[in-house]
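Taking it in order: structure first as structure tokens, then the write-up.
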Amino acid sequence: MDSFLQYVTKNTYNKYGSFENLIFVVPSVRSGTYLKKYIAQLINTPIFSPTIISIENFIQEVSQLRKTPNTELVFRLYNIYLKSDIKEKDDFFSFNRWCQTLLADFDELDRYLIDTHSLFDYLTALTKIKEWGKTNNLTTLITDYVKFTKSFKYLYDTLTDDLLKTKDSYQGLRYKEAVKNIKLYINQTETKSHIFVGFNALNSAEEFVIQKILKESNSEIYWDIDEYFLKDSLHDARYFIHKHKKNWSYLTDKPLNGISNHYLSKKRFEITGIPKNISQAKFIGSLLSKIHLKKDSNQPIALVLADETLLPAVLNSIPLEVTEINITMGYPLSDTTVSNFFSILIDFHISASNDSWYFKDILRLLSNPISITLLDSNEALTSMLIEKILKNNYSYLSAEELHGLIKHDSSFFNGLFPLKKLNSKEFINLSVAIVSYLKSYYTQANQLIESESLQLFHKLFNQLSQYTTKLDYLKDLKPLKAVLVELISLEKLNFQGSATDGLQIMGMLESRTLGFETVIISSINEGILPAGKSNNSFIPYDVKKEYHMPTFKDKDAVYTYHFYRLLQRAKNIYLTYNTEHDVLEGGEKSRFITQLMTDSNLTGSVIHQIAVQDTPSNLYSEKQIDKTPMLLKQIKQICSSGFSPTSLTNYIKNPYGFYKQHILKIKDLQQVEETIAHNTFGTIIHDTLEDLYTPYIGKTLNKTLITSLKKRVEVIVRHNFSKSYSDKNIEKGQNLIVLKVINKYIQSALDFEIQEVEKKQIKVLALEQELKIELDIPDLDFPVFLKGKLDRIDEVDGQLRIIDYKTGQVTSSELEISTFEELTLDDKKTKAFQLLCYALLYCNKNSIQFVNAGILPIKNLNKGILYFAKKSTAKPISKNNSITEQLLQDFQSQLKHLILEITNPNIPFKETLV
């Protein structure tokens with residue numbers, strides 16, 4: 001079966017006998033490449049090649065205007081905007097946000113040959129009518145918007161005149177001028193015949209130009225559509241071609257050239273729903289492997305990405321056996337690591353607040369691979385900086401402070417963290433120096449994508465340098481970023497490959513006029529294919545309808561045609577869509593899929609399936625670590641150094657967590673505490689109470705003494721805050737609030753102490769006392785120790801008491817037990833377990849017969865001290881707060897049982913699922 005372009009080639013050769021006097025006008029450069037291939041296959045002798053030109057280049061030639069870069073257009077329009085009579089003008093950064101939409105509107109108005117003065121007057125009047133009657137007096141906002149719409153006419157006329165003076169243009173202006181120049185062009189090419197190939201949706205200017213040439217010269221046009229669609233009056237694929245046939249006088253008595261009849265030939269459709277984009281990319285990779293095993297190697301495959309953002313994932317999923325690849329759409333520069341770095345860099349310098357940077361912005365820059373390449377030539381500078389920022393809890397750092405952290409003098413370090421704010425020119429100079437260094441580095445490393453990206457960035461920064469020299473409003477980084485983002489979005493990395501053989505990866509528009517036996521189309525979802533109701537325009541839908549401009553309905557018809565045109569001659573068609581409804585990645589499956597599945601003419605040809613990843617029936621298995629000889633050796637080392645009450649309660653809560661934390665020594669990832677963490681909060685309170693009471697160890701407390709301590713609280717809290725957290729983050733924000741809260745808690749604790757000493761005689765015996773004892777466990781042939789730090793030991797009316805400070809929530813029920821088995825079986829009794837450990841440590845070390853132990857809940861002092869209690873099982877239930885020698889012996893039995901379990905080689909560390 002011949003492709004459409006092969007048909008056109010043979011038909012024109014048979015009709016004209018040669019190609020030298022022909023001008024082929026095609027939808028795209030890619031179409032022209034295939035046309036040249038088919039001409040070469042048809043003619044075996046040397047010939048004069050025909051002119052093959054894309055429609056855009058053809059219009060440019062007819063218009064005799066130069067193509068002006070979009071960025072240049074923005075600058076020219078902004079200069080015009082500044083001279084307008086709008087009183088309150090936007091700065092360039094704000095202007096850039098809406099001017100792209102306005103330029104797109106200007107472009108569309110010209111391509112459809114709209115009477116702009118009439119439309120702008122209509123738009124202004126419509127704006128006034130919409131607001132009429134809503135309020136007696138128009139608000140300033142409404143008045144300003146009316147003035148804004150009024151300015152469109154001035155901006156359009158002035159920009160058009162300004163461009164035409166220098167023979168510059170945007171696309172729409174070239175189309176408009178081509179209409180004016182078409183008579184001259186026809187006279188200049190009267191010996192040539194034009195062949196228009198594969199067009200569908202034409203704007204008004206294109207329609208006028210093509211019809212004029214068809215009428216006044218020996219020319220013709222070929223349409224690429226199947227008879228099946230033309231006969232279906234409801235099918236959108238025929239929408240534009242049917243309209244041309246109906247409205248063009250040239251076609252009134254002529255048949256449509258190029259109409260085929262292949263759509264109902266034998267085909268196989270495989271439609272697959274797949275969750276999410278990455279899964280689609282992986283599925284396409286596996287699909288290519290299967291096709292590669294079966295296909296004729298001479299037949300190219302089309303992989304059409306309806307959602308072009310899928311390209312990076314698809315490239316990473318292509319199997320190794322697929323060696324011939326050609327990528328038409330190019331790789332977006334914005335998706336490269338180099339682009340990501342410069343985006344982070346300019347954001348970093350814009351984000352500086354009061355000559356300092358937020359720590360997350362600093363870490364983001366330091367963690368970037370390119371920053372590491374620039375700074376870590378001789379030492380791990382970035383990791384050292386990150387470690388110091390995390391260790392010292394720096395939330396904000398100035399350039400001077402960053403330089404002070406690490407004595408390092410290099411141009412790149414000074415450039416990334418300058419001592420004064422950079423202007424645009426300085427930023428560009430820094431960026432050029434970085435590009436020059438990286439080009440050499442990546443070339444040596446043979447990293448081709450990065451090297452090519454740097455070439456493009458070198459060009460972009462040279463462009464920006466010229467702009468900043470001429471334009472005062474680009475001196476600051478914020479407007480410079482707007483221009484840089486715009487320039488990056490327009491650039492793509494070009495891949496080398498065979499334009500006509502192997503796997504052809506392209507977007508939907510690149511597929512125009514091309515034919516393939518095997519076609520894969522991805523992301524066939526509503527909102528992507530077709531694109532849906534998007535109207536990024538200042539011209540409302542009803543105004544577009546009134547002036548016969550294209551709306552979203554026309555755009556839907558465009559993509560309907562492209563989709564079905566691809567299927568006409570194909571034999572093996574693979575379609576994928578995203579089953580997950582996602583606003584960012586498209587909605588439900590496209591109506592195109594529903595149409596295929598319900599078409600009675602395709603019955604038996606369409607297979608629909610949902611791809612489901614193979615997953616094990618048991619999604620989560622309980623983690624378990626067996627005790628190897630090496631692991632038992634480490635457990636013995638812990639026994640020798642001593643178990644702390646906290647480590648034992650960790651085992652009670654989760655043996656697997658004990659294994660990770662106390663045997664593997666895995667710590668939580670260190671992070672900057674933007675606001676003080678709970679454990680740091682508790683440390684500051686413990687240290688403050690220790691500092692306050694230490695001078696009075698061995699002394700009896702009284703109201704006067706405690707009252708004098710209250711005067712020292714603020715100074716001591718501030719000192720401990722700086723020691724445990726950071727001295728840089730106290731004077732503002734949430735940390736200042738936390739500082740005041742800690743002051744309040746300590747003051748409340750001292751007030752509570754005053755109430756106690758007024759009723760009881762209290763003597764402080766020790767603070768933060770570290771104790772360690774050996775446990776008698778005859779079943780083990782190695783020593784086992786228990787160790788711990790007791791917050792406070794005091795004597796109350798002659799009775800010894802152990803106090804543990806807690807800043808978290810505590811209830812009395814957590815400190816009460818009925819049986820000792822509860823201590824190791826119920827993780828809610830861990831606080832009671834800890835108090836008994838402290839009592840055992842102190843009584844064993846000091847030969848004490850009995851003691852009381854309790855918790856002082858710092859955040860809820862109205863509860864008073866909550867004491868450990870042993871509840872009787874007999875009724876009525878009674879509680880006993882005394883920790884006697886017998887009670888400690890019973891506790892030791894339970895403690896020994898726990899340690900024997902930890903050291904037992906046959907009992908693994910199992911994860912406890914909460």
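Descriptive notes on the structure:
- Annotation note: of Tyr122, Tyr112, the sole residue that is under 30 Å from Val209 (Cα atoms), modelled with pLDDT of 85 or more, touching a Ser or Thr at 6+ places or on another chain (Cβ under 7 Å) and not assigned by TED's automatic domain parsing to the domain that holds Lys545 is Tyr112.
- The single condition among (1) more than 25 Å from Ile635 (Cβ to Cβ); (2) assigned to a strand (DSSP E or B) that Phe785 does not satisfy is (1).
- Helices (runs of 4 or more DSSP H) fully within the stretch 214-303 that include at least 2 residues being small (Gly, Ala, Ser): 277-294.
- Only one of Ser351, Ser367, Ser343 that is assigned by TED's automatic domain parsing to the domain that holds Leu454 and touching a Phe, Trp or Tyr at 6+ places or on another chain (Cβ under 8 Å): Ser351
- Remark: Gln734 falls outside the filter, which requires a residue to be in a loop (DSSP other than H, G, I, E, B), at pLDDT below 90, out of contact with any strand residue (DSSP E or B) (no Cβ under 9 Å at 6 or more places or on another chain) and assigned by TED's automatic domain parsing to the domain that holds Gln809.
- Here Ser28 does not fit the description of being surrounded by fewer than 16 Cβ atoms within 10 Å (Cβ to Cβ) and at pLDDT below 95.
- Candidate set from the stretch 318-355 (those that are surrounded by 20 or more Cβ atoms within 10 Å (Cβ to Cβ) and not hydrophobic (A, V, I, L, M, F, W, C)); member that is nearest to Leu422 (Cα to Cα): His349
- Candidate set from the stretch 380-436 (those that are touching a residue at least 60 places away in the same chain (Cβ under 8 Å) and of a type in the set (Lys, Arg)); member that is nearest to Leu464 (Cα to Cα): Lys421
- Number of residues in the stretch 631-645 that are under 20 Å from Glu770 (Cα atoms), in contact (Cβ under 8 Å) with a residue 40 or more places away in the chain and either surrounded by 16 or more Cβ atoms within 10 Å (Cβ to Cβ) or of a type in the set (Asp, Glu) (or both): the value is 5.
- Residue count for the stretch 767-782 satisfying the condition of being under 30 Å from Leu689 (Cβ atoms), surrounded by 13 or more Cβ atoms within 10 Å (Cβ to Cβ) and out of contact with any Phe, Trp or Tyr (no Cβ under 9 Å at 6 or more places or on another chain): 1.
- Close contacts from the stretch 806-829, counting a first residue that is in the same structural domain as Ser878 (by TED's automatic domain parsing) and a second that is in a loop (DSSP other than H, G, I, E, B), with Cβ to Cβ under 7 Å and a gap of 6+ residues or different chains, come to Lys806/Ile858; Thr807/Ile858; Thr807/Lys859; Leu815/Phe868; Ser818/Thr873.
- Within the option set Leu422, Leu460, being within 20 Å of Thr336 (Cα to Cα), assigned by TED's automatic domain parsing to the domain that holds Glu387, surrounded by 14 or more Cβ atoms within 10 Å (Cβ to Cβ) and at pLDDT 90 or above holds for one residue only, Leu460.
The values are calculated or read from the model by the stated rules, or taken from the named source; none is laboratory data. Keep in mind that this is a model prediction, so the values were computed, not measured. We place every Cβ from the backbone using ideal geometry, glycine too, and count neighbours over all the protein chains shown.
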